[in-house]
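Contents: one structure, followed by commentary.
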């Protein structure tokens with residue numbers, strides 16, 4: 001597996017290619033496509049990953065087995081291999097180390113620990129096929145195989161079961177965006193990607209003219225939907241069949257066909273990025289002009305160039321009002337807070353500088369110190385304090401953030 005080591009990390013999509021019996025991996029724009037797990041199974045279906053735990057899970061309906069492996073595809077082991085009758089989709093509650101899955105033929109949704117222990121039936125329901133967890137509001141959502149419905153229940157014990165969407169043709173790829181308040185899904189035989197407000201409202205068609213849209217995942221910070229189209233309906237004139245596809249979560253952007261394969265079935269993402277080129281692959285269309293993706297460019301005209309948006313984890317194509325810096329006084333100390341991306345960026349040098357006259361700027365531990373690091377709003381807020389002993393007049397101070405590429 002040494003040849004795959006560089007892929008076992010940030011900025012990748014992982015998906016099951018049922019027709020080729022492979023688990024595949026590629027960059028987030030579909031480039032660099034490789035096989036991650038060869039001979040993965042005879043009828044491989046759902047896939048999920050836990051990045052901090054270095055875990056990859058997928059289901060093989062041909063052998064009725066759920067497997068766990070490392071993110072680089074190594075150390076594969078069967079963790080659930082008894083009393084399964086068509087394991088389809090998988091979902092993870094990473095906070096407590098629980099694996100959830102749909103068992104279509106046994107008419108139940110089950111869960112277990114990551115090693116398959118403490119297995120239990122959570123919900124008895126007709127032919128569950130795709131599911132997702134809303135960890136913010138403690139809900140579970142799932143669709144049925146042929147009834148055209150999406151259901152919801154309260155966690156942890158699956159109480160208060162409700163039908164939240166009905167009248168679809170064949171529901172696949174159910175996903176929830178808790179913060180945005182939308183449910184997303186594929187309708188396999190209506191050939192559409194759709195969404196609706198979680199509790200009410202009209203159904204919106206986001207992408208139409210598809211063949212057999214099946215598995216789906218969301219990159220919520222980037223505002224992107226990824227879906228796989230198995231191509232098994234053979235619809236003349238359809239777009240994106242037998243391929244991994246990408247579009248915007250509001251349906252306004254282009255439908256991108258980013259990787260053509262055999263018969264993809266389900267998909268998941270590792271959205272961390274460590275480099276500016278990886279960020280471009282995640283945030284911009286695959287054929288973006290260099291003039292828009294240049295570090296100095298400002299494609300959304302919000303007076304923040306791409307390099308700053310990259311470092312702060314913001315969207316370069318959407319005007320956002322979230323501040324990237326802030327000043328405050330506390331205990332006669334000037335505090336300067338700046339936002340930073342949650343991704344493990346390695347190619348940017350960020351420096352907090354301080355001045356008494358807006359002409360001469362100083363930096364380093366003799367002048368400022370980090371006081372707090374607070375996660376929130378999809379990023380990190382880093383609080384710096386001015387060292388009062390370094391300045392004769394602590395009230396006559398100015399601080400700023402300098403962002404530049406690190407020396408090679």
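The values are calculated or read from the model by the stated rules, or taken from the named source; none is laboratory data. These numbers were taken from a predicted model, which means no experiment stands behind them. Please note: Cβ atoms are built from the backbone with ideal geometry, for glycine as well, and neighbour counts cover all protein chains shown.
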**OP:** Hey, can you tell me all the residues within the stretch 31-66 that are in a loop (DSSP other than H, G, I, E, B) and either under 19 Å from residue 271 (Cβ atoms) or not assigned by TED's automatic domain parsing to the domain that holds residue 229 (or both)?
**Re:** 31, 32, 33, 51, 52, 53, 54
Original post:
How many residues does the stretch 332-346 hold that are in contact with a strand residue (DSSP E or B) (Cβ under 9 Å, 6 or more places away or on another chain) and more than 16 Å from residue 375 (Cβ to Cβ)?
Top reply: 4
Original post:
Among (1) in contact with a strand residue (DSSP E or B) (Cβ under 9 Å, 6 or more places away or on another chain); (2) surrounded by fewer than 23 Cβ atoms within 10 Å (Cβ to Cβ); (3) at pLDDT 95 or above, which single condition is residue 186 missing?
Top reply: (2)
Original post:
Taking the condition modelled with pLDDT under 95 and either outside the structural domain of residue 90 (by TED's automatic domain parsing) or surrounded by 21 or more Cβ atoms within 10 Å (Cβ to Cβ) (or both), does residue 287 pass?
Top reply: yes
Original post:
Which one of 95, 20 is within 20 Å of the chain's Cα centre (by Cα) and farther than 21 Å from residue 130 by Cβ?
Top reply: 95
**OP:** Mind counting the residues in the stretch 153-180 that are within 18 Å of residue 135 (Cβ to Cβ) and either assigned to a loop (DSSP other than H, G, I, E, B) or without any contact (Cβ under 8 Å) to a residue 40 or more places away in the chain (or both)?
**Re:** 12
Original post:
When you look at residue 337, is it surrounded by 17 or more Cβ atoms within 10 Å (Cβ to Cβ), under 24 Å from residue 297 (Cα atoms) and at pLDDT 95 or above, yes or no?
Top reply: no
**OP:** Scan the stretch 69-90 residue by residue and report those that are touching a strand residue (DSSP E or B) at 6+ places or on another chain (Cβ under 7 Å), under 16 Å from residue 270 (Cβ atoms) and crowded, with 19+ Cβ neighbours inside 10 Å.
**Re:** 69, 71, 73, 90
**OP:** Residue by residue through the stretch 349-379, note down the ones that are in contact (Cβ under 8 Å) with a residue 60 or more places away in the chain and buried (at least 17 other Cβ atoms within 10 Å of the Cβ).
**Re:** 379
